[in-house]
Every structure is written in structure tokens, then in C-alpha cells.
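The values are calculated or read from the model by the stated rules, or taken from the named source; none is laboratory data. Predicted model only: the values in this text are computed from it and were never measured. No Cβ is skipped: glycine too gets one built from the backbone with ideal geometry, and neighbour counts run over all protein chains shown. To get the accessible areas, we keep the full protein, side chains included, count just its heavy atoms, and leave off ligands, DNA and RNA. Shrake-Rupley method; radii C 1.70, N 1.55, O 1.52, S 1.80 Å.
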Amino acid sequence: MKVAVFSSKKYDRSFLSEANSDYGHELVFFEPKLSSETTALAAGFPAVCAFINDQIDRHTISAIAEQGTKLIALRSAGFNNVDIKAATDLGITVVRVPAYSPYAVAEHAAGLILTLNRKYHRAHNRVRESNFSLNGLLGFDLHHSTVGIIGTGKIGMCFARIMKGFGCNVLAYDIYQNPECLEMGVQYVELSKLLATSDIVSLHCPLTPDSYHMINAETLEQFKSGAMLINTSRGGLIDTKAVIDALKSQKLGYVGLDVYEQEGNLFFEDLSQEVIQDDIFQRLLTFPNVVITAHQAFFTKNALENIAQTTINNISDFEKNGKCDNTVNS
Ligand code: NAD
């Protein structure tokens with residue numbers, strides 16, 4: 001099948017080409033994101049392959065549908081950037097990679113916690129400059145601290161296991177209780193109780209209309225004073241302005257982010273020579289107790305192999321049978 005691969009970086013080319021070696025799809029790699037401005041690139045392609053910050057709204061979908069595209073193959077689990085209703089209305093199948101490595105994301109969340117707590121980034125820079133002072137590097141034991149997990153699906157469950165390994169007391173809030181989490185001793189509580197009693201709150205639920213800005217001025221009020229907030233899920237779960245206010249008032253003691261609501265204008269690009277115009281993002285960077293990574297939680301060799309393999313399988317299933325188990329719309 002002829003596939004236009006959007007938002008493709010060197011590593012996407014390499015992993016997808018390797019996974020495709022036994023299948024022979026015609027993959028054409030484009031660096032730009034798929035959006036209403038770049039749909040012309042997809043002309044003549046029955047399938048497009050897209051990533052998390054591609055803007056796959058009704059405009060984009062109707063333009064590619066008119067050009068004959070029948071399949072959108074996402075290289076991600078989340079599909080909040082796709083107008084699923086529009087795709088269904090216009091006869092386009094959307095497939096995704098439901099799981100590729102929950103460990104990658106859960107381990108990154110744990111990494112953000114350790115970095116914020118023990119300040120490895122600062123310690124590393126100090127030691128390189130022969131500054132061996134410990135002032136300002138004081139941390140706390142994770143052992144016996146309370147970690148609240150919002151969303152205990154595949155990633156949240158792995159994260160719960162890691163935190164249990166540290167000897168944490170693990171609380172969770174989810175619309176469904178995960179039996180494996182219950183078995184490992186995770187205690188499900190109301191959201192308000194989780195926020196009020198957790199030393200660390202970590203978000204692992206999808207971005208949906210229900211969860212949009214679930215962390216806002218009102219819910220931040222309910223946090224324990226000086227708590228740590230970790231978001232490796234989606235930027236839109238957090239009202240960033242409210243988080244900045246909570247950092248200024250010291251209600252929040254630490255914030256670790258791998259995702260940001262407006263990340264589409266920033267992440268995955270080298271902007272080191274540019275003047276960043278996003279004042280909210282720039283303000284976040286000024287806090288000593290904030291660590292931000294640029295949506296890299298998924299970025300392990302194992303995850304990229306799985307993403308590439310499942311994407312190629314999805315495309316092959318669709319080509320052969322007109323359907324695929326990983327379809328988002330039907
Ligand atoms: P999953 O579907 O296995 O689990 C999501 C869990 O969230 C489910 O148990 C669901 O019941 C729960 N949930 C849904 N809405 C909720 C709400 N309003 N409140 C509380 N819980 C709710 O998904 P997953 O594979 O564990 O992934 C979780 C999220 O992680 C994805 O949606 C994606 O946004 C994000 N993610 C980020 C990266 C990254 O690189 N940073 C990579 C992969 C996934």
C-alpha cells in the first residue's frame with residue numbers, strides 16, 4: 001500500500017523501514033505535520049500515517065478524503081488530535097497502536113519524580129563545575145510517601161508497580177478499578193481524597209472532553225501543600241496558568257511535565273536559535289522546581305520497534321481485509 005508518513009524524523013524512517021522490510025508497502029516520508037495546510041502532500045496516497053501533534057481536524061480529513069485516502073494509521077495510542085466523527089462521516093478508517101511499551105512511559109514518570117526530588121540535573125551540573133556543595137539538594141524518602149495515580153490502565157498500572165517497589169503507599173482514582181492494581185494493594189479513592197492526601201500526583205488517563213483541564217484552580221486547591229504533580233499523559237489535562245499560580249503560591253512544591261497543552265508549536269523541533277513566543281511555557285521554565293521533557297516518555301528502542309511493527313501490521317490488515325483490530329472508529 002502507498003503510505004504518506006507525516007511528522008517523520010530520522011528514527012521513524014529507520015524503525016518503520018525495518019518493520020516494513022517483509023511487507024513491501026511503499027512508504028514515502030514527509031517531515032511536515034499533517035494539517036489542513038499540508039494535505040496536498042497526501043494526494044494519491046490511500047493511507048496516511050500520522051503522529052500525536054498532527055492536526056487531523058474535519059478540514060484535514062475532508063481534504064484527504066476527497067483525494068482518495070481511506071486510512072489514517074496513527075503511530076500513537078492517544079487519538080485526541082483526530083476528529084473521529086469526521087473520519088467516520090467521511091468513510092476514513094482510523095487505526096492506532098493501543099500499547100507499545102507502557103514501561104517506557106511509567107519509567108519516565110518515575111525518572112521525573114527522582115529528578116525533581118533528588119535534583120540530579122542540578123547535582124550533575126554542580127559536580128562538573130567542581131561545586132561539591134549539597135546546599136539546595138535536599139530530597140525526601142519515597143519510601144512511605146503517598147502517591148496518587150489518576151488513570152490505572154496499562155501505563156498507570158506499570159507506574160503503580162514501580163511506586164510499590166519504592167515502598168510507597170499507592171492511591172488511585174479511575175472510572176474503572178483495575179483488578180491487578182487491587183491485587184498489588186493499590187487503594188481506590190475519590191479524586192478529592194487522592195488530591196488531598198497524596199505527596200505525588202501522577203496523571204495517566206487519556207485526554208477526553210471529561211478529563212480536559214481536570215487539574216485546574218479548583219482541584220489544585222485540594223492538593224496537599226507542597227505536593228508534586230507529574231504529567232506524562234497529555235498537556236490538555238492541566239490548566240497550565242493555574243499550575244503556574246499554584247507554583248507561585250507554593251501550593252505545588254514540584255512539577256514534572258513530559259507534555260504541554262501547546263506543545264504542537266514547540267516539541268520535536270530544534271528551536272534553540274529561535275525566540276520562543278509562548279510566554280506561559282517560558283514562565284514555567286523559570287521555576288527551579290519544574291522539570292520539563294519534550295514528550296520523550298515513549299522514546300525507547302523497545303517502544304519504537306513495537307510502534308513500527310504494529311503500524312505496519314495495521315496497514316497490512318486494512319489492505320488485506322478492509323479492517324483491523326486496532327480500529328478506533330467503525
Ligand atoms: P489506557 O487506556 O490503558 O488507560 C487509561 C486509563 O484511564 C483507563 O483505566 C481509563 O479507565 C482511565 N480513565 C479514562 N478517563 C478517566 C478520567 N476522566 N479519570 C480517571 N481515569 C480515567 O491508556 P494507557 O496506555 O495507560 O495510556 C494513558 C495515556 O498516556 C494515554 O491516553 C496517552 O495520553 C498517554 N501517553 C503518553 C505518552 C508519552 O510519551 N508521554 C506515551 C503513550 C501514552
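If each residue of separation counts as 0.36 nm, what is the full-extension length gain between residue 36 and residue 221 once their alpha-carbon separation is subtracted?
Working: separation 185, 0.36 × 185 = 66.60 nm, distance 3.95 nm.
Value of the extension gain: 62.7 nm.
Beyond 26 Å between alpha-carbons counts as too far, so tell me which of 85/241; 154/301; 9/323; 119/224; 2/323 fall in that bin. Don't skip to the answer; put the middle values down first.
On the way: 85/241 30 Å; 154/301 19 Å; 9/323 28 Å; 119/224 21 Å; 2/323 17 Å.
Long pairs (Cα-Cα over 26 Å): 85/241; 9/323.
Quickly estimate the mean residue ellipticity at 222 nm for the chain, helices only: each DSSP H run with n ≥ 4 gives -39500 (n - 2.57), and the total goes over all residues, rounded to 500.
The helix-only estimate for the chain comes to -10500 deg cm²/dmol at 222 nm.
Quote the charge dipole size of the chain about the Cα centre in Debye, to the nearest 20; the model charges only the Cβ of Lys and Arg (+1) and of Asp and Glu (-1).
700 debye
Taking the Cα atoms only, what angle lies between the long axis of helix 102-118 and the longest principal axis of the chain, rounded to 10 degrees?
30 degrees
Name the residue from 208, 172, 143 whose Cα lies farthest towards the positive end of the charge dipole of region 102-292, charges +1 on Cβ of Lys and Arg and -1 on Cβ of Asp and Glu.
The one lying farthest along the dipole's positive direction is 143.
Expressed as a whole number of Å, what is the distance separating the alpha-carbon centroids of region 86-104 and region 290-330?
When both Cα centres are located, 8 Å separates them.
For region 1-88, which GluC sites (Glu not before Pro) are in a loop by DSSP, counting at most 14 other Cβ atoms within 10 Å?
Listed in order of number, the matching sites are 37.
Which distance in Å, rounded to a whole number, links the C-alpha centroids of region 117-172 and region 183-220?
The two parts, judged by their Cα centres, are 18 Å apart.
Residues in region 54-84, backbone N under 20 Å from the label point at residue 302 (7 Å along the Cα-to-beta-carbon vector): list them, ranges by number please.
Of the residues in region 54-84, 76-78 have backbone N under 20 Å from the label point off residue 302.
Of the heavy-atom accessible surface of region 102-292 (probe 1.4 angstrom), what whole percent is carbon and sulfur?
Carbon plus sulfur share of accessible area: 51 percent.
Hey, if you put +1 on the Cβ of every Lys and Arg and -1 on every Asp and Glu Cβ in the chain, which of 160, 297, 282 ends up farthest toward the positive end of that dipole?
160
If I fit a long axis through the Cα atoms of helix 154-165 and take the longest principal axis of the Cα atoms of the chain, what angle between them do I get, 0 to 90°, rounded to 10?
On a 0 to 90 degree scale, this one is about 30.
For helix 10-20, report the angle its Cα long axis makes with the longest principal axis of the Cα atoms of the chain; keep it between 0 and 90° and round to the nearest 10°.
The two axes meet at around 50 degrees.
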